[in-house]
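Trainee: What follows is a structure written as structure tokens; I'll ask about it next.
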Amino acid sequence: MPDTALWVEWTHQSGGGSSTVFPDGCRDLILTETGSFTTELDLTPRLTTLRSGARLTGFRLRPGVSLAPSDIRPDGSDIGAIRRFLETHAIRDPATEDIITALGGGDDDPATLGHTDAARRSLQRCFQRRGLPPPQVWRGLARATSGT
């Protein structure tokens, strides 16, 4: 996978009400007025409700990137501290990133995509050890985002 950013920063100012969050294969570090939390990898759409005026700031981690376990969470009012926290605690796994890229990019190599029984089981174990959804979830996300 090309060397690209490990996260993308985003902000959201709520107009109030509910909205649906669709799975995208990414974990987010989300800051609210009351603290911060890291999302799990959703496998189904999730309904969220925010009060009007609620402001969220988030850092969407690239697929395959996770955060190291840490009891220290940076002060949400200092974006620079958040960036330093991510630079220190984000765990990049290039092998997993390459597999996710291949799954979404139409790679036809049976060993990469798990078309053989042995390769399929090996991929499933690899993803399970890393706490990631199975390969077919990544293929589905790739199809959904590409519109095919």
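Read the figures in this text as sums done on the coordinates, not as results from a lab. Worth saying up front: this structure is predicted, and the values here are computed from it rather than measured. When we count neighbours, we look across all protein chains shown, and the Cβ atoms used for this are built from the backbone with ideal geometry, even at glycine.
Trainee: Simple spin-label model, 7 Å along Cα-to-Cβ: Asp24 to Leu67 in nm?
Mentor: Using points 7 Å along Cα→Cβ, the separation is 1.7 nm.
Trainee: Counting other C-beta atoms within 10 Å, which of Ile100, Ile91 has the fewest, and how do the rest follow?
Mentor: Lowest count first: Ile91, Ile100.
Trainee: Could you please report the charge total around His12, scoring K, R as +1 and D, E as -1 over all other residues with beta-carbon less than 14 angstrom from its beta-carbon?
Mentor: Local charge sum for His12: 0.
Trainee: Taking 0.36 nm per intervening residue step and subtracting the Cα-Cα distance, what contour gain separates Thr34 from Gln136 on full extension?
Mentor: Computed gain between Thr34 and Gln136 is 33.1 nm.
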